[in-house]
Every structure is written in structure tokens, then in C-alpha cells.
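Participant: Structure incoming, see below.
The values are calculated or read from the model by the stated rules, or taken from the named source; none is laboratory data. These figures come from a predicted structure and were not determined experimentally. Here Cβ is always computed from backbone atoms with ideal geometry, including for glycine, and neighbour counts include all displayed protein chains. Just the protein is used for accessible areas: all its heavy atoms, side chains included, with ligands, DNA and RNA removed. Shrake-Rupley method; radii C 1.70, N 1.55, O 1.52, S 1.80 Å.
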Amino acid sequence: MIAIIDYGIGNLKSVHNAVRYIAPKTPSKISSDPDFIRKADKVIFPGQGAMPDCIKELDKRGIRDVVIESAKKKPFLGICLGLQLLFNESEEGGVNGFGLFKGKIKKFKPSNHMRIKIPHMGWNKVQQTKNHPMWRKINSGSSFYFVHSFYAAGVESDFVAGTTNHGEEFTCAIAKDNIFAAQFHPEKSSELGLQLLDNFISWKV
């Protein structure tokens with residue numbers, strides 16, 4: 001049973017549709033019900049929108065603690081904002097995240113020697129930095145779809161699972177124990193994105 005966290009915003013339906021397409025016999029549900037989230041075997045946190053709004057909605061629904069609890073105990077996939085929330089703090093609104101990873105979420109900024117588009121939007125190559133079940137059948141250097149203005153900085157090297165380049169190299173995938181999170185959107189990344197979701201569904205921690 002897979003819980004897809006509903007916090008009122010985010011790319012929920014496309015993630016759910018992708019999961020149902022890959023695994024039609026695996027029960028899955030978009031939910032903000034703490035009991036359902038707690039009972040689910042696996043949790044997906046899709047991300048879109050601003051972190052302060054997300055934290056506010058999680059608290060409004062009374063599910064922040066159960067989401068953190070799930071991220072500590074069961075297979076957990078964070079997508080885009082779902083990656084950023086796992087860190088200590090963010091420049092976006094100056095809010096604190098879940099604190100499950102050390103590091104800070106920073107905003108892309110053009111430099112004097114490099115002009116970049118903000119938000120970072122479109123397809124970009126992801127270099128895998130460690131072997132992980134979530135990379136099964138996906139080659140390093142494969143392209144995934146991004147849309148974001150913030151990124152994780154100061155990530156401990158042991159937990160970096162993938163990097164990409166937008167002006168400079170940054171961490172775009174992290175992994176620790178039962179957690180895997182990606183800055184890119186697998187639900188918008190064609191066949192390889194579906195493969196990543198399939199890998200999550202079959203992932204045994």
C-alpha cells in the first residue's frame with residue numbers, strides 16, 4: 001500500500017497516475033489521513049510550490065509528524081520539494097525542514113561569469129554518484145525533467161546519489177537508509193522516470 005502525501009498543493013495526480021500505470025495491482029492513494037499514512041507500506045512525497053506554504057499546509061492537516069515518522073521508518077520517495085523538505089533549513093521563507101539531512105536549501109543565483117535561467121527548467125543529465133536500487137535499469141548520464149529555483153547545498157558526500165549541472169554542479173538526488181529523494185520529476189521524465197517509480201515500488205529496504 002502506497003500513500004501519496006496530500007498537502008493541498010503539488011503535482012499529485014500525475015504522480016498517482018504514473019504509479020497506477022506502473023503497478024495497477026498495488027493499492028495507492030492520495031491522502032492526508034494520518035492513519036492511512038501511518039499504515040502505508042511506502043510513502044511518496046511529491047513536491048511543487050513553496051516550502052513555507054507546504055509546511056503550513058502539513059501543520060494545518062496535522063500530518064507533519066507522521067510524514068517525518070514515515071521518512072524515518074519505511075521506504076520514502078521525495079520528489080522536488082519533497083527532497084528539499086528533508087533538510088535542516090531553507091532560504092525560501094527562512095523556514096526549517098524535517099532535519100533528516102544536514103545542509104541548506106539555497107536559491108540559484110546568477111554570477112558575474114555565468115548567467116543561468118531561473119527557474120532551472122527542462123531536461124538535464126543526471127550523473128549517478130553511488131550504486132542504489134533506485135537506479136536499477138537507469139544509466140548514469142540519463143536525462144530527467146527539472147523545474148525548480150532552489151537546490152540542496154552542503155549535502156554530506158555519503159548521502160549524495162546523483163548530481164547535475166546548472167551553471168555549476170549541484171546535488172539532485174540523495175539517499176540514506178530507507179530514503180531516496182530526487183530534485184527532478186520522475187512523473188514528467190518519460191520512460192526513465194517511470195522506471196525510477198517502478199524501482200521504488202519494488203524496493204525492499
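Participant: One residue is enough: does the stretch 137-156 have a residue meeting the conditions out of contact with any Cys (no Cβ under 9 Å at 6 or more places or on another chain), basic (K, R), outside any strand (DSSP E or B) and in contact (Cβ under 8 Å) with a residue 12 or more places away in the chain?
Facilitator: yes
Participant: Quick check: is even one residue across the stretch 71-80 at pLDDT 95 or above, out of contact with any His (no Cβ under 9 Å at 6 or more places or on another chain) and more than 18 Å from W203 (Cα to Cα)?
Facilitator: Looking through the stretch 71-80, none of the residues is at pLDDT 95 or above, out of contact with any His (no Cβ under 9 Å at 6 or more places or on another chain) and more than 18 Å from W203 (Cα to Cα).
Participant: Residue check, F170 against (1) assigned to a loop (DSSP other than H, G, I, E, B); (2) more than 14 Å from the chain's Cα centre (by Cα); (3) among the aromatic types (F, W, Y), all met but one. Which one?
Facilitator: So F170 meets the others, but not (1).
Participant: Another question about this same structure. Quick check on this structure: which one of A181, A152 is within 28 Å of D41 (Cβ to Cβ) and in contact with a Phe, Trp or Tyr (Cβ under 7 Å, 6 or more places away or on another chain)?
Facilitator: Every option except A152 fails the conditions.
Participant: Return the pair list, or none, for Cβ contacts closer than 7 Å from residues in the stretch 163-180 that are closer than 21 Å to I116 by Cα and without any contact (Cβ under 8 Å) to a residue 24 or more places away in the chain to residues that are among the aromatic types (F, W, Y) and crowded, with 16+ Cβ neighbours inside 10 Å, at least 6 apart or on different chains.
Facilitator: Listed pairs, sorted by first residue: F170/Y151.
Participant: Okay, moving on. When you go through K130, K106 one by one, which is the residue that is part of a loop (DSSP other than H, G, I, E, B) and either within 17 Å of A50 (Cα to Cα) or open to solvent by 50 Å² or more (accessible area, probe 1.4 Å) (or both)?
Facilitator: Just a single option satisfies the conditions, and that option is K130.
Participant: Determine if the stretch 47-55 includes at least one residue that is touching a Cys at 6+ places or on another chain (Cβ under 6 Å) and open to solvent by less than 20 Å² (accessible area, probe 1.4 Å).
Facilitator: Checked the stretch 47-55: at least one residue is touching a Cys at 6+ places or on another chain (Cβ under 6 Å) and open to solvent by less than 20 Å² (accessible area, probe 1.4 Å).
Participant: If you don't mind, another one. Name the residue that is most open to solvent (accessible area, probe 1.4 Å), counting only residues in the stretch 185-205 that are within 13 Å of the chain's Cα centre (by Cα) and under 26 Å from E69 (Cβ atoms).
Facilitator: Only one residue fits best here, namely E187.
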